[in-house]
Amino acid sequence: MFAAAVWIVSFAFVAAAAIVGWRRARASGLDRWLPGYLFTRGSRRLPDPATPIHVFLCIADHYEPWNGRGDLDRARTRVRHWVEDYPANLGSFRDSDGRPPQHTFFYPAEEYDDGLVDELQKLCRAGYGEIEVHLHHDDDTAENLAADLATYTASLSTRHQSLSSDEQSGRPGFVFVHGNWALDNSRADGRRCGVNNELDVLQSAGCYADMTFPSAPSTTQPPTINAIYRALDDPHKPRSHDYGIPLRAGVAAGDGLLMIQGPLVLDWTRKKFGFLPRLENGCLQASQPPSIRRLDNWLRASVRVQGRPDWYFVKLHTHGAVEENAEILLGAASIEFHCELARRAQSSRFHYHYVTAREMVNVALAAEAGVSEWSAALRDYKWKPPSVSPYRHEDHSALQENSVA
């Protein structure tokens, strides 16, 4: 009788723990992506050290100088910190092509201030990055979204000359990051977006790629992870980007918005409660500084174009305007990380390339087109650099001649 009672209590305890665990998993979106992650665990291996690889490193910064506060002086101080300290602290590093670290500022439309964007353009003109489109919105409509995007991209393209353009048509285009991770109305409560056909609206406005994800541990995280793919919009349903057509070398994927995801893996080198792996989601912030240890996790995620196994796409994200994060991105942690990259590149088999969001898209499109040999020219494969950029793949001298005023 006593043994049976113990068994029943033990079973009830395990069942209750399982229920609590499942509820927490659903609350953090684990139920959406973890099954697929476990199913594909065999594909997540570090590159063979005997095989040459190319690593394309992009930092997609959700750059919000206001950060929810209506304080222009503070916003100016934050921007000035980047304009002055980025070249001073990181400008001496060079990748395998002789290029300095690149930073992509996804500047939010609702925080637009022409003076602040002009200041960031000083950094971009000096050859250290580019500006792209970021947006927070709520309870929106397709018509209003299209109008807001048209107004904002016109300012970035005409007033600041900060957007890229198509190689053939010359049409301005942009890469996008959605605020609050709620792309295509992906929150269960419908907040922070409201537009079920957002992918179509974005493409009509000139968006040629999205870099919103991963968003884990948010419930907005799609089940497709560690992937480069095209998502077709179902205008009547949310979350059309949950699945798509993977990019394959030499095979045209057709229509759909290009999705380039960052790494999402379980990190068994850092554990919670001593036994649970922590989440590696490619975030750079005060509690998650860049490191060469993390690089191995990013490579293990194996974000690649299918059929191009030696090209690794590492898209990271941050909120870099915030002071504590800026300290990590501009200070000792980043300096050490770039030093470690240079040391690893002393091996003839490891090649790393600093790229902007636009350039990462171009490299992916080149791989899709069947290009097999790396060339710095692939950074500008389809989408041309903004006209204010001093950098061209055939000319590195401009970087030596330009400095931030």
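Things worth noting here:
- Filter result (hydrophobic (A, V, I, L, M, F, W, C), touching a residue at least 60 places away in the same chain (Cβ under 8 Å) and crowded, with 24+ Cβ neighbours inside 10 Å) within segment 212-226: Ala216
- Test: residue in segment 303-313 that is touching a strand residue (DSSP E or B) at 6+ places or on another chain (Cβ under 7 Å), surrounded by fewer than 20 Cβ atoms within 10 Å (Cβ to Cβ) and aromatic (Phe, Trp, Tyr): no
- Residue match in segment 22-31 (condition: modelled with pLDDT of 85 or more and more than 21 Å from the chain's Cα centre (by Cα)): yes
- Test: residue in segment 389-405 that is among the acidic types (Asp, Glu), surrounded by fewer than 19 Cβ atoms within 10 Å (Cβ to Cβ), at pLDDT below 95 and touching a helix residue (DSSP H, G or I) at 6+ places or on another chain (Cβ under 8 Å): yes
Per-residue answers, yes or no, for (1) on the phi > 0 side of the Ramachandran plot; (2) surrounded by fewer than 22 Cβ atoms within 10 Å (Cβ to Cβ); (3) under 21 Å from the mean Cα position of the chain (by Cα):
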{"position": "Ala231", "(1), (2), (3)": "no, no, yes"}
{"position": "Ser240", "(1), (2), (3)": "no, no, yes"}
{"position": "Pro246", "(1), (2), (3)": "no, yes, yes"}
{"position": "Ala249", "(1), (2), (3)": "no, yes, no"}
{"position": "Ile260", "(1), (2), (3)": "no, no, yes"}
{"position": "Thr269", "(1), (2), (3)": "no, yes, no"}
{"position": "Glu280", "(1), (2), (3)": "no, no, yes"}
{"position": "Ser291", "(1), (2), (3)": "no, yes, yes"}
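- Complete set of residues in segment 174-232 that are modelled with pLDDT under 95 and among the hydrophobic types (A, V, I, L, M, F, W, C): Ala188
- Residue check, Arg379 without any contact (Cβ under 8 Å) to a residue 40 or more places away in the chain and within 18 Å of the chain's Cα centre (by Cα): yes
- The strands (runs of 3 or more DSSP E) found wholly in segment 101-191 and carrying at least 1 residues that are in contact with a strand residue (DSSP E or B) (Cβ under 6 Å, 6 or more places away or on another chain), within 17 Å of Val79 (Cβ to Cβ) and of a type outside the set (Phe, Trp, Tyr) occupy 103-108, 129-135.
- Of all residues making up segment 324-334, the number that are surrounded by 15 or more Cβ atoms within 10 Å (Cβ to Cβ) and either small (Gly, Ala, Ser) or under 21 Å from Val55 (Cβ atoms) (or both): 5
- In segment 52-89, the qualifying residues are those that are touching a strand residue (DSSP E or B) at 6+ places or on another chain (Cβ under 9 Å) and aliphatic (A, V, I, L, M), and the one that is farthest from Leu316 (Cα to Cα) is Ile53.
- Subset of segment 130-177 (residues that are among the aliphatic types (A, V, I, L, M), touching a residue at least 12 places away in the same chain (Cβ under 8 Å) and more than 15 Å from Glu111 (Cα to Cα)): Ala142, Leu145, Ala146, Ala150, Leu163, Val175
- Those residues of segment 106-155 which are crowded, with 22+ Cβ neighbours inside 10 Å, of a type in the set (Val, Ile, Thr) and within 18 Å of Ala182 (Cα to Cα), in sequence order: Val133
The values are calculated or read from the model by the stated rules, or taken from the named source; none is laboratory data. Since the structure is predicted, the reported quantities are computational estimates derived from the model, not experimental observations. Using ideal geometry, Cβ is built from the backbone for each residue, glycine included, and neighbour counts are taken over all protein chains shown.
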